[in-house]
Amino acid sequence: MTSLPTVPAFTVTRPQDAPLDPPPLYARLREEQPVTRVSLWEGRLTPWLVTRWEDARAVLGSPAFSTDSTRPGAPNVTEDAQPVPRGFFAGHDDPVHAAMRRTLTREFMVKRVDALRPAIARLTDELLTDLSELSGPADFVEHFALPLPSLVICELLGVPYEEHPFFQEQSKTLVDLNATGEESARAFANLGEYLLRLVQTKRATPGDDVLTRLAAQVDEGVITDQDAADLSAFLLFAGHETTANMIALSTITLLQHPDQLPHILGGPDQVASAVEELLRYLSIVHLGLRRTAIDDVTIGGVTIRAGEGVIVPVHVANRDPDIFTDPGDLDLERANVRRHLAFGYGIHQCLGQPLARAELQIVLPEVFRRLPGLKIAVPMEEIAFKQATAVYGVRELPVTW
């Protein structure tokens, strides 16, 4: 029986020459033991690890598995996982999950996201202009990849322009790996209080934004003021660091594959397909989507008992050669790329995926159009990747152009 290192991460060290690829151990497991026990919390919990695409989709699409981190046996990243607010609906099962998700469903319809594209393009242009005016190597993460998603969320929620700096500062602290627990808790409290006040303000002075529409649902008795604030905070957490890391890692990936650049600079359909391949290739949720069985269920010929945890590393499933030809290669013209699981699958599939796609489709072509001489300013081995965080990424990316 194969076991992996203990918490906080079950990942293993990646080769320095392939920091964007899953460690080779996972390919062996997928071939030899596609559903296997692993060890968390120094062996105090032994959930199942699922590495094949077919089995991953079966778990994620099955009502026999729960996302509730408070269930006994839940394979959480840490042993002291706390209950999450109703507004953080990804951590709840139905009916709470369905009720909270329904309050935001219309916000992420393609038509509404398309209406945001001009604002995303404007913010992209402003940040790239500021970046291009800097002298010498600059940190692409700090000056572009990290602030862009935060500003987009501001537009989505309806945060007043003059309050963007406060919102960005709290957001930056919350995703800062170097922030102390006290600093993170203070930023979380500051942001929560601010969003609660803003929900109440929107009731008095409505606009054309998510917070106004959430406030209207409060007045209708669908949700509470606190739910509205928590839903807004969840949008920030779910869409901020994920998109920021995808922007930075996609930029690195494209710089490593200059022959693929014409595809990201092509027409809308070509760009959309290229973004899907980057999503598959990178699949940045590297600590896995985590579930707990609520019934006995058979996955990949293995019986998983009620109360047992399951970890689904989608970055490994998305490299399954039974589904994707030469999965370790970046192919921005890949035909069946939309079968990827980068946004999950089933009822918990990422609600914000239309917005994430729109941001990447706008941002990545513009980066390479505006900065045609873009290159990484340090050797690849000097780039510090985030190895043990919920979302894989890069801490800093010094670039020149």
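The values are calculated or read from the model by the stated rules, or taken from the named source; none is laboratory data. Because the structure is a prediction, the values reported are computed rather than measured. Ideal geometry is used to build each Cβ from the backbone, glycine not excepted, and the neighbour counts take in all protein chains shown. To get the accessible areas, we keep the full protein, side chains included, count just its heavy atoms, and leave off ligands, DNA and RNA. Shrake-Rupley method; radii C 1.70, N 1.55, O 1.52, S 1.80 Å.
Among residues of the stretch 4-36 being within 12 Å of residue 49 (Cβ to Cβ), part of a loop (DSSP other than H, G, I, E, B) and of a type in the set (S, T, N, Q), the one that is modelled with the highest pLDDT is 33.
Restricting attention to the stretch 59-90, the residues that are at pLDDT 95 or above and of a type in the set (Ser, Thr, Tyr) add up to 3.
Quickly run through the stretch 320-364 and pick out the residues that are among the charged types (D, E, K, R), open to solvent by less than 30 Å² (accessible area, probe 1.4 Å) and within 21 Å of residue 29 (Cα to Cα). First the steps, then the outcome.
Applying the first criterion (among the charged types (D, E, K, R)) to the stretch 320-364 yields 320, 322, 326, 329, 331, 333-334, 338-339, 357, 359.
After this cut, where a residue has to be open to solvent by less than 30 Å² (accessible area, probe 1.4 Å) as well, the list is 320, 334, 359.
Within the stretch 320-364, 320 is the sole residue that qualifies.
Please verify whether the stretch 245-263 includes one or more residues that are open to solvent by 20 Å² or more (accessible area, probe 1.4 Å), among the hydrophobic types (A, V, I, L, M, F, W, C), at pLDDT below 90 and in a helix (DSSP H, G or I). No, that holds for no residue. For beta carbons closer than 8 Å, sequence separation of 6+ or different chains, a first residue in the stretch 18-29 that is free of Cβ contacts under 8 Å to residues at least 24 places away in the same chain and a second that is open to solvent by less than 40 Å² (accessible area, probe 1.4 Å), the qualifying pairs are 23/11; 23/12; 23/14; 25/4; 25/12.
Scan the stretch 156-165 and give yes if some residue there is in a helix (DSSP H, G or I), open to solvent by less than 40 Å² (accessible area, probe 1.4 Å) and closer than 18 Å to residue 190 by Cβ, otherwise no. Show your work before the answer.
Quick first cut of the stretch 156-165, residues in a helix (DSSP H, G or I) only: 156-157, 161-165.
Next cut, open to solvent by less than 40 Å² (accessible area, probe 1.4 Å) only: 156-157, 164.
Subset that is closer than 18 Å to residue 190 by Cβ: 157, 164.
Yes - at least one qualifying residue is present in the stretch 156-165.
Return the residue satisfying two criteria in turn: it lies in the stretch 136-155 and is of a type in the set (A, V, I, L, M) and within 20 Å of the chain's Cα centre (by Cα), and of such residues it is most open to solvent (accessible area, probe 1.4 Å).
Keep residues of the stretch 136-155 that are of a type in the set (A, V, I, L, M), which gives 138, 141, 145-146, 148, 151-153.
Right, trim to within 20 Å of the chain's Cα centre (by Cα) and you get 141, 145-146, 148, 151-153.
Details: 141: 17, 145: 0, 146: 38, 148: 0, 151: 21, 152: 2, 153: 6 Å².
Looking at residues that are of a type in the set (A, V, I, L, M) and within 20 Å of the chain's Cα centre (by Cα), I get 146.
Screening the stretch 43-74 for residues that are polar (S, T, N, Q) and open to solvent by 40 Å² or more (accessible area, probe 1.4 Å) and picking the one that is nearest to residue 312 (Cα to Cα) gives 46.
Is at least one residue of the stretch 271-289 part of a loop (DSSP other than H, G, I, E, B), within 30 Å of residue 373 (Cα to Cα), open to solvent by 20 Å² or more (accessible area, probe 1.4 Å) and at pLDDT 95 or above? Checked against the condition, which is being part of a loop (DSSP other than H, G, I, E, B), within 30 Å of residue 373 (Cα to Cα), open to solvent by 20 Å² or more (accessible area, probe 1.4 Å) and at pLDDT 95 or above, the stretch 271-289 yields no hits at all.
Quick one: which residue in 37, 28, 44, 106 is closer than 20 Å to residue 153 by Cβ and out of contact with any Gly (no Cβ under 9 Å at 6 or more places or on another chain)?
Values: 37 fails: closer than 20 Å to residue 153 by Cβ; 28 fails: closer than 20 Å to residue 153 by Cβ; 44 fails: closer than 20 Å to residue 153 by Cβ.
Step by step, each of 37, 28, 44, 106 is checked, and only 106 is closer than 20 Å to residue 153 by Cβ and out of contact with any Gly (no Cβ under 9 Å at 6 or more places or on another chain).
Scanning the stretch 45-60 for residues that are among the hydroxyl-bearing types (Ser, Thr, Tyr) and closer than 11 Å to residue 300 by Cα yields one hit, 51.
So for the stretch 378-387 (the condition being within 23 Å of the chain's Cα centre (by Cα), assigned to a loop (DSSP other than H, G, I, E, B) and in contact (Cβ under 8 Å) with a residue 24 or more places away in the chain), does at least one residue qualify? For the stretch 378-387, residues within 23 Å of the chain's Cα centre (by Cα), assigned to a loop (DSSP other than H, G, I, E, B) and in contact (Cβ under 8 Å) with a residue 24 or more places away in the chain: present.
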